[in-house]
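The values are calculated or read from the model by the stated rules, or taken from the named source; none is laboratory data. Worth saying up front: this structure is predicted, and the values here are computed from it rather than measured. Heads up, the Cβs are rebuilt from the backbone with ideal geometry, glycines too, and the neighbour counts pull from every protein chain shown.
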Amino acid sequence: MMRQMSRRASILILLACLAVSSISVIYPMYVIRPFRAQGARELAIALVVMRWRAAATVISAIAALPALVGFWRAEPGRWRRALGAVFVCLLAPLARVNIYELMFHPDEQPSFREASAVKLDRDEKVIAVKIGSLARAYPIRNISYHHVINDVLGRVGIVATY
């Protein structure tokens with residue numbers, strides 16, 4: 001009876017740790033992605049999750065290891081069912097990776113064309129920069145891939161970001 005309770009408790013702890021770690025890593029990536037409208041509430045939740053996910057995944061990994069040991073003691077022949085603890089431990093360092101830094105790199109050498117040669121949709125939004133008589137427009141559609149455009153307009157270094 002005690003062995004059965006230990007097994008159930010271990011499984012519940014492992015599942016809870018797996019859920020916390022998975023949500024901590026996956027939810028912000030699901031919410032904060034390009035070309036997807038985000039609601040204010042879900043974005044606020046994703047940002048809070050991102051703030052606390054490093055601690056949450058470490059705590060989950062620390063809790064998963066004794067639960068794994070408890071499960072092994074209760075069911076020594078069924079170690080494959082406890083592979084979730086390994087996954088929880090792998091998610092802890094993954095939570096420290098800023099996937100957005102990996103996905104988006106500044107466009108260091110943007111290419112330009114005359115305004116008359118560019119085909120933009122009627123409702124397309126741009127970031128416009130004008131310094132004296134010089135002007136540039138950066139379509140949001142293009143900036144979405146880089147989020148940062150480093151450029152020189154005249155002799156002035158500028159950064160357009162979205």
- Within segment 125-141, is even one residue in a helix (DSSP H, G or I), modelled with pLDDT under 80, within 22 Å of the chain's Cα centre (by Cα) and not assigned by TED's automatic domain parsing to the domain that holds Val49? yes
- Taking the stated definitions as given, is Val49 surrounded by 13 or more Cβ atoms within 10 Å (Cβ to Cβ), modelled with pLDDT of 75 or more and not assigned by TED's automatic domain parsing to the domain that holds Arg33? no
- Task: Kindly indicate which of Pro93, Pro76, Pro110, Pro66 is modelled with pLDDT of 85 or more and over 21 Å from Met29 (Cα atoms).
- Result: Pro66
- Query: What number goes with the only condition from (1) of a type outside the set (Gly, Ala, Ser); (2) over 16 Å from Phe112 (Cβ atoms); (3) surrounded by 14 or more Cβ atoms within 10 Å (Cβ to Cβ) that Thr161 does not pass?
  - Reply: (3)
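Is it the case, given these coordinates, that Ala56 is crowded, with 18+ Cβ neighbours inside 10 Å and out of contact with any Lys or Arg (no Cβ under 6 Å at 6 or more places or on another chain)?
For Ala56, the condition - crowded, with 18+ Cβ neighbours inside 10 Å and out of contact with any Lys or Arg (no Cβ under 6 Å at 6 or more places or on another chain) - is met.
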- Task: Identify the single condition in (1) of a type in the set (Phe, Trp, Tyr); (2) surrounded by fewer than 17 Cβ atoms within 10 Å (Cβ to Cβ); (3) modelled with pLDDT under 85 that Phe71 does not satisfy, given that it satisfies every other one.
- Result: (2)
